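K.L.:
Please read through the structure below; I'll follow up with questions.
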Amino acid sequence: SMDWTQVGALTQELKGKEVLIRGRAHTTRPVSKNMTFLVVREKGFTVQCLVSTQSEGVSRQMVKFVAGLNRESIVDVIGVVSVPENPIKGATQQIDILVRKLYCVNKAMPNLPINIEDAARSYVEIETALQGGVQLPRVNQDTRLNFRVLDIRTPANQGIFRVQCQVGMIFRQFLLSEDFVEIHTPKLIAGSSEGGSAVFKLDYKGQPACLAQSPQLHKQMSICGDFGRVFEIGPVFRAEDSYTHRHLCEFTGLDVEMEIKKHYSEVMDIVDRLFVTMFDSLNERCQKELEAVGRQYPFEPLKYKPNTLRLTFEEGVQMLKDAGVEVDPLGDLNTESERKLGQLVLEKYGTEFYILHRYPLAVRPFYTMPCYDNSLYSNSFDVFIRGEEIISGAQRVHVPEFLAERAQACGIDVNTISTYIDSFRYGAPPHGGFGVGLERVVMLFCGLGNIRKTSLFPRDPQRIAP
Ligand code: 4AD
């Protein structure tokens, strides 16, 4: 009939109280036949437990049993909170538990493929030890992903996926408060939704079909269906050929589409307020999680400002030119020039979050609206964090004849998207929207160098398991 206490909630204020916790046998450190230490871990938090024959009801047999527990076994512990004189090394909670009872609820196998202590070690710690002549075990990325269930138990990973959860929550809360409707569009579709060849093809009851590369077409069709403003959180499939630090074959798309009254800046206004709110809320709500991430993967907090900086593509090209980097003024920026521009923007404007808009039309998808004053450019934008893209968005073509013309010009078989184009023949309001990659937002907010770190079970060109 005792209440459970979370390991993360064990504080010195509980001194002298008896508590009941459930966690994992993180590490054991036998001291003698009469005494052993056991560190118990729950959701990334750890507490040191002392099992000693000096405590009421603890036998030598029990000390031996605890000392021999397999790591990661699930245990229930009842004991009294004590406050040691010296701070505890290797545990997050600054108390000891003097154990009275301990049950092993379910044991783990011996010799696990990943030792969580090793997987949780920071690069800094490994380097420092190396300088002192000690080589600490390292766990490489492939091993982590092969045994992901173990890997995601590290405090940093616990933090990453709790931050990811909040990004989705804040996205949803903000948009609901702005009168958006959450929708769910099909992931089995007849043709490609973004153009290009990166689609997973499949057989749909004898008809050729593919996995949706984005909810693009159906979110626009929902706008033709009078919702006014919609959003979706769902899987996006890209048959990527290249193996990079920022591309997955399946990722979570945060998509937005809305009517536009006058100008595509209305869409950028939403991006601005949504993301400034998001970064503020993450810093406020996820302090512990961000600290846990930073302990293993040190990073500087993101520099951003209210009223997000907006630069035109032409201004960006000019800034690069002034810095000696020549780029095609009507082409796309490559990863390297995007990074470089990110640095230049940080130096000049003091922000690592900004919007680049009015992209050349030729490098945008077929549904993108050309600029009214110059059709070489388009009413479109990308958004960057720390010099890397997290969003692309635009005003869309809402005139059906022109849409068909643009699709054709971009080499798309209009027959495969005829129901989409027809939607605009029934009367369509001017509209625009954007798509965000969830894994990229978390990766870049936390200054992580690889998108596999922010996908729970990543799918890349070389991996479809676990
Ligand atoms: O730039 P993308 O391809 O744009 C679209 O899908 C449009 N339908 C969006 C719109 O509404 N106009 O993808 C949008 C975002 C990118 O900015 C990036 O953050 C992410 O999705 N993304 C990827 N994330 C992980 N792996 C990949 N292979 C990604 N491709 C795009």
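The values are calculated or read from the model by the stated rules, or taken from the named source; none is laboratory data. Note that the structure is predicted; figures quoted are calculated from it, not measured. Quick reminder, even Gly has a Cβ in these numbers, built from the backbone with ideal geometry, and neighbours come from all protein chains shown. Accessible surface is based on the protein model in full, side chains and every heavy atom, while ligands, DNA and RNA are left aside. Shrake-Rupley method; radii C 1.70, N 1.55, O 1.52, S 1.80 Å.
K.L.:
Which of the lysines could be linked to K17 by a straight reach, that is with a Cα gap under 21 Å, when you skip same-chain ones fewer than 8 residues away?
P.N.:
Of all the lysines, those that pass the test against K17 - Cα under 21 Å, at least 8 places apart if same chain - are K101.
K.L.:
Counting only GluC sites (Glu not before Pro) that sit in a DSSP loop (anything but H, G, I, E, B) with at most 13 other Cβ atoms within 10 Å, what is the longest stretch of the chain containing none of them?
P.N.:
With GluC sites (Glu not before Pro) excluded where exposed in loops, the chain gives 86-325 as its longest stretch.
K.L.:
I would also like to ask the following. Only helical DSSP H runs with n ≥ 4 go in: add -39500 (n - 2.57) per run for the chain, normalise by residue count and round the 222 nm mean residue ellipticity to 500 deg cm²/dmol. Don't skip to the answer; put the middle values down first.
P.N.:
On the way: 14 runs with 143 residues, N = 466.
Only helices count here, giving -9000 deg cm²/dmol.
K.L.:
Same structure again: Rounded, prolate or oblate: pick one for the range 45-123, where a ≥ b ≥ c are the square roots of the eigenvalues of its C-alpha gyration tensor, a/c under 1.5 means rounded, and failing that, prolate if a/b is larger than b/c, else oblate.
P.N.:
Here the range 45-123 falls in the oblate category.
K.L.:
Using a ≥ b ≥ c from the Cα gyration tensor of the range 129-271 (square roots of the eigenvalues), is it rounded, prolate or oblate, where a/c under 1.5 gives rounded and otherwise the larger of a/b and b/c decides, a/b for prolate?
P.N.:
oblate
K.L.:
Oh, and also: Around P298, what is the net charge, scoring Lys/Arg as +1 and Asp/Glu as -1 over all other residues with Cβ under 12 Å from its Cβ?
P.N.:
With Lys, Arg at +1 and Asp, Glu at -1, the neighbours total -3.
K.L.:
Rolling a 1.4 angstrom probe over the protein heavy atoms, how many square angstrom per residue are accessible across the range 128-215?
P.N.:
On a per-residue basis, the range 128-215 sits at 53 Å².
K.L.:
Let me know the charge dipole size of the range 113-172 about its Cα centre in debye, to the nearest 20, where only the beta-carbon of Lys, Arg (+1) and Asp, Glu (-1) is charged.
P.N.:
Approximately 340 debye in magnitude.
K.L.:
In addition: Could you tell me which of rounded, prolate or oblate describes the range 215-354, using a ≥ b ≥ c as the square roots of the eigenvalues of the alpha-carbon gyration tensor, with rounded for a/c under 1.5 and, failing that, prolate when a/b is larger than b/c and oblate otherwise?
P.N.:
Since a/c stays below 1.5, the shape of the range 215-354 is classed as rounded.
K.L.:
What is the percent carbon and sulfur in the accessible area of the range 332-466, measuring with a 1.4 Å probe over the protein chains and ignoring ligands? List each step's numbers first, then the result.
P.N.:
On the way: 2610 of 5170 Å².
On the range 332-466, the fraction of accessible area on carbon and sulfur atoms equals 51 percent.
K.L.:
Related question: So if I take the centroid of the Cα atoms in the range 113-143 and the same for the range 213-238, what is the distance between those two points in Å?
P.N.:
For the range 113-143 versus the range 213-238, the Cα centre distance is 44 Å.
K.L.:
Given a cut-off of under 8 Å on Cα pairs at least six residues apart, what relative contact order in percent is computed for the range 321-438?
P.N.:
Computed value for the range 321-438: 22 percent relative contact order.
K.L.:
Among the listed pairs K43/K219; K43/K89; K262/K348, give every one whose C-alpha distance is greater than 26 Å. Could the numbers behind the result be given before it?
P.N.:
Numbers: K43/K219 37 Å; K43/K89 18 Å; K262/K348 31 Å.
Long pairs (Cα-Cα over 26 Å): K43/K219; K262/K348.
K.L.:
Here is a follow-up. For the range 250-328, report the accessible area per residue in Å² (1.4 Å probe, heavy atoms, rounded to an integer). Mind dumping the intermediate values first?
P.N.:
Details: 4020 Å² over 79 residues.
Dividing the accessible area of the range 250-328 by its residue count gives 51 Å².
K.L.:
K107: accessible area at probe 1.4 Å, nearest 10 Å²?
P.N.:
150
K.L.:
Something else about it: Convert each backbone phi in the range 111-120 into a coupling constant with the Karplus relation 6.51 cos²θ - 1.76 cosθ + 1.60 (shift: θ = phi - 60°), then list the ³J(HN,Hα) values in order as whole Hz, x for Gly and Pro.
P.N.:
Computed from phi, the couplings for the range 111-120 are 6, 5, x, 10, 9, 4, 4, 5, 5, 8 Hz.
K.L.:
Something else: When the dipole is taken about the Cα centre of the chain, and only Lys, Arg (+1) and Asp, Glu (-1) are charged at their Cβ, what size is it in debye, to the nearest 20?
P.N.:
Around 2140 debye, computed over the chain.
K.L.:
Could I ask something else about it? Filter the trypsin sites (Lys or Arg not before Pro) in the range 262-303 down to the DSSP loop ones having no more than 10 other Cβ atoms within 10 Å, then list what survives.
P.N.:
Those satisfying the criteria are K262.
K.L.:
Additional query: Would you mind working out the magnitude of the charge dipole of the range 310-351 relative to its Cα centre, with +1 at each Lys and Arg C-beta and -1 at each Asp and Glu C-beta, to the nearest 20 Debye?
P.N.:
200
K.L.:
Right, here's the next one. Whenever you get a sec, compute what percent of the accessible area on the range 37-186 sits on carbon and sulfur atoms (1.4 Å probe). Don't skip to the answer; put the middle values down first.
P.N.:
Working: 3950 of 7700 Å².
C and S fraction of accessible area: 51 percent.
K.L.:
Check the straight Cα-Cα distances from K107 and name the aspartates and glutamates below 12 Å, setting aside those fewer than 8 residues away within the same chain.
P.N.:
Within reach: E72, D76.
K.L.:
Any idea what diffusion coefficient the chain gets from Stokes-Einstein, in µm²/s, Kirkwood Rh on alpha carbon pairs, 25 °C, 0.890 mPa s?
P.N.:
Values: Rh = 25.2 Å.
The Stokes-Einstein estimate is 97 µm²/s.
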